[in-house]
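Following: one structure in structure tokens, then a few remarks.
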């Protein structure tokens, strides 16, 4: 599986400034091969997008990484 990682700058959910550095792994389809009695079988399933916050805090308002992550999770952004 080859997933492309994208480094992006996102807006802070508290102050609105673009100062939060994140790493995004886009959602991809992964093939799984298995041997069954009649031969081989290939099934596909989707791996959802994953977002990792790289910044330790917002450079503008000073909010910490865990506060930003909690806010984004409550808003279902990540």
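Among (1) 65; (2) 96; (3) 88, only one was calculated for this model; which label is it, if the read-out is volume of the Cα convex hull per residue in Å³?
Answer label, from the structure shown: (2).
Run the simple label-point estimate for residue 64 and residue 37 please: 7 Å along Cα→C-beta, distance reported in nm.
Between residue 64 and residue 37, the simple spin-label model gives 5.8 nm.
Say each of residue 8 and residue 21 gets a label point 7 Å from the Cα, pointing the same way as Cα to Cβ; how far apart are those two points in nm?
With each label placed 7 Å out from Cα toward Cβ, I get 1.7 nm.
Relative contact order (percent) for the chain, with alpha-carbon contacts under 8 angstrom and 6 or more residues of separation?
Reported as a whole number, the value is 27 percent.
All of the numbers you see were taken from the coordinates with simple rules; none came from a lab. Keep in mind that this is a model prediction, so the values were computed, not measured. Backbone-built Cβ (ideal geometry, glycine too); neighbour counts: all protein chains shown.
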